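Peer 1: Before I ask anything, let me first share the structure, which is written out below as structure tokens.
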Amino acid sequence: MSYGSSDSEEKVTAFYKKALTRYGDVITCNGKSPVGTPTATSEGLNCADNGNNNPNVKFDNGDFNIDTGKIQLKAGSKRHQHIVGFEEPKDGQTRFALVALDLPAVVENKSGSSD
């Protein structure tokens with residue numbers, strides 16, 4: 001789901017940083033680089049983990065793409081991520097999207113490669 005708010009990005013970020021704590025540690029990312037601490041959640045999620053290792057996962061829902069190098073807040077694990085992603089403001093609005101990403105477990109076939 002994507003949203004717009006007349007509140008500043010800093011105010012929206014502070015609100016969601018607090019809200020995401022229900023899923024564990026919250027990390028702040030700028031693209032694939034951490035901003036501040038912690039740099040990874042206690043469940044091992046880091047800024048490089050965005051689900052794009054799976055070609056079926058896309059963060060683009062039309063005119064909004066949170067995978068643009070802007071600030072992202074993340075909580076959870078590599079397989080169960082909760083993300084708040086920000087995009088450039090538009091029409092005086094802070095634009096952000098909420099994503100719950102549940103990735104399947106990797107299954108290895110008999111040859112040892114992943115399916």
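The values are calculated or read from the model by the stated rules, or taken from the named source; none is laboratory data. Remember, predicted model here, so these are calculated numbers, not experimental data. So basically every Cβ, Gly included, is an ideal-geometry build from the backbone, and we count neighbours across all protein chains shown.
Matching residues to (1) in contact (Cβ under 8 Å) with a residue 60 or more places away in the chain; (2) in contact with a helix residue (DSSP H, G or I) (Cβ under 9 Å, 6 or more places away or on another chain); (3) within 17 Å of Phe86 (Cα to Cα):
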residue	(1), (2), (3)
Ser2	yes, no, yes
Ser8	yes, no, yes
Val12	yes, no, yes
Phe15	no, no, yes
Leu20	yes, no, yes
Cys29	no, no, yes
Ser33	no, no, yes
Pro38	no, no, no
Ser42	no, no, no
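Peer 1: Ok, one more. Can you tell me which residue in region 61-95 is modelled with the highest pLDDT, limited to those that are touching a helix residue (DSSP H, G or I) at 6+ places or on another chain (Cβ under 8 Å) and farther than 19 Å from Asp49 by Cα?
Peer 2: Applying the filter and picking the extreme gives Thr94.
Peer 1: Out of region 8-50, which residues are within 18 Å of Ala100 (Cβ to Cβ) and of a type in the set (Lys, Arg)?
Peer 2: Matches in region 8-50: Lys17, Lys18, Arg22.
Peer 1: Quickly run through region 47-57 and pick out the residues that are surrounded by fewer than 17 Cβ atoms within 10 Å (Cβ to Cβ) and modelled with pLDDT of 65 or more.
Peer 2: Matches in region 47-57: Ala48 only.
Peer 1: Continuing with this model, one more query. Enumerate the pairs (first residue in region 88-115 and part of a loop (DSSP other than H, G, I, E, B); second residue anywhere and among the hydroxyl-bearing types (Ser, Thr, Tyr) and at pLDDT below 75) with beta-carbon separation below 9 Å, excluding pairs fewer than 6 apart on the same chain, so at least 6 apart or on different chains.
Peer 2: Note: pairs meeting the criteria are Val106/Ser114; Val107/Ser114.
Peer 1: Could you run through region 1-27 and say how many residues are assigned to a helix (DSSP H, G or I) and of a type in the set (A, V, I, L, M, F, W, C)?
Peer 2: Going through region 1-27 one residue at a time, the tally reaches 5.
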